[in-house]
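Participant: The following block contains the structure, expressed as structure tokens.
Where a number appears in this text, it was derived from the coordinates with a stated rule and is not lab data. Because the structure is a prediction, the values reported are computed rather than measured. As a convention, Cβ positions derive from the backbone with ideal geometry for all residues, glycine included, and neighbour counts pool all protein chains shown.
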Amino acid sequence: MLSAISNRRAVRKYQSKPVSENDIQALIEAFQASPCAMKQTDDLRGIVVTNEEFRQRIEHSTNNSCYGAPLLFILTTKKESKFGERDSSVAAENIMLQATALGLGSVYIMGGALVLNDDSDLLAELGVKDGYEVSVIVPVGYAANKTTGEDRSHRYHLSRK
């Protein structure tokens, strides 16, 4: 697991090659295994988008913030949920780590998620329930370019007592 954590990088350009159904199922399992606060599992919902028309409409609605990825995980949370945004972030990380383990790229999109919330027609077509909002979009696919990264071993300040 440390390998996936260390090797995960934000991918902002994808190949058009579709993600296999087996890999999609593994990503769904990673989403389903995500922890949630106080066992409030109804506060977080996911939508898996592989349909080209929907992906293009989401790209247009979010000012191309999904980078042409062939697979999108749209994570929605109850608007009044105390922990929804945290739960969606943890679920997104699970998806991104599983993507890395499968040799796929991913990226965490918050700005595009906020913009998507303004497109009520598209949200309705995607099945976003009343009282829910998009918290995170996780585009997934094969990276168009090889990603390399800096050493992250001392990225943040950490103290020990």
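Participant: Taking the alpha-carbon centroid of each part, what is the distance from segment 129-160 to segment 1-20 in angstrom?
Facilitator: 10
Participant: Turning to a different aspect of this structure: What distance in nm separates the two pseudo spin-label positions at SER6 and THR50, each 7 Å out from Cα along the beta-carbon direction?
Facilitator: 3.3
Participant: Number of Lys pairs in the chain with C-alpha atoms less than 21 angstrom apart, excluding same-chain neighbours closer than eight positions?
Facilitator: 9
Participant: I would also like to ask the following. Given a Förster radius of 30 Å and the C-beta distance between LYS17 and ARG155 as r, what FRET efficiency does 1/(1 + (r/R0)^6) yield to the nearest 0.05?
Facilitator: Result of the calculation: an efficiency of 0.45.
Participant: Same structure, new question: Got a sec? Which residues in segment 127-143 would a label at GLU80 touch, if it sits 7 Å along Cα→Cβ and we count backbone N under 12 Å?
Facilitator: 131-132
Participant: Rounded to the nearest 20 debye, what is the charge dipole size of the chain about its Cα centre when +1 sits on each Lys and Arg Cβ and -1 on each Asp and Glu Cβ? Kindly include the intermediate steps, with their values, before the conclusion.
Facilitator: Details: 19 positive and 20 negative charges, 181 e Å.
Dipole size: approximately 880 debye.
Participant: Could you calculate the contour length gain from HIS60 to ASP130, that is, 0.36 nm times the residue separation minus the distance between their Cα atoms, to one decimal place in nm?
Facilitator: Numbers: separation 70, 0.36 × 70 = 25.20 nm, distance 2.26 nm.
Full extension from HIS60 to ASP130 adds 22.9 nm.
Participant: Only helical DSSP H runs with n ≥ 4 go in: add -39500 (n - 2.57) per run for the chain, normalise by residue count and round the 222 nm mean residue ellipticity to 500 deg cm²/dmol.
Facilitator: The helix contribution divided over the chain gives -10500 deg cm²/dmol.
Participant: Given the options ASN51, LEU104, ILE137, identify the residue whose Cα lies farthest towards the positive end of the charge dipole of the chain (+1 on Cβ of Lys, Arg; -1 on Cβ of Asp, Glu).
Facilitator: LEU104
Participant: How would you classify segment 42-91 from its alpha-carbon gyration tensor, with a ≥ b ≥ c the square roots of the eigenvalues: rounded for a/c under 1.5, else prolate if a/b is greater than b/c, otherwise oblate?
Facilitator: It is prolate, given that a/c is not under 1.5 and a/b is the larger ratio.
Participant: Taking springs between alpha-carbon atoms closer than 10 angstrom, which of LYS13, LYS78, LYS129 fluctuates most in the Gaussian network model of the chain?
Facilitator: Highest fluctuation among the options: LYS129.
Participant: Once you keep just the Cα pairs under 8 angstrom separated by 6 or more residues, what percentage relative contact order results for segment 5-161?
Facilitator: 35
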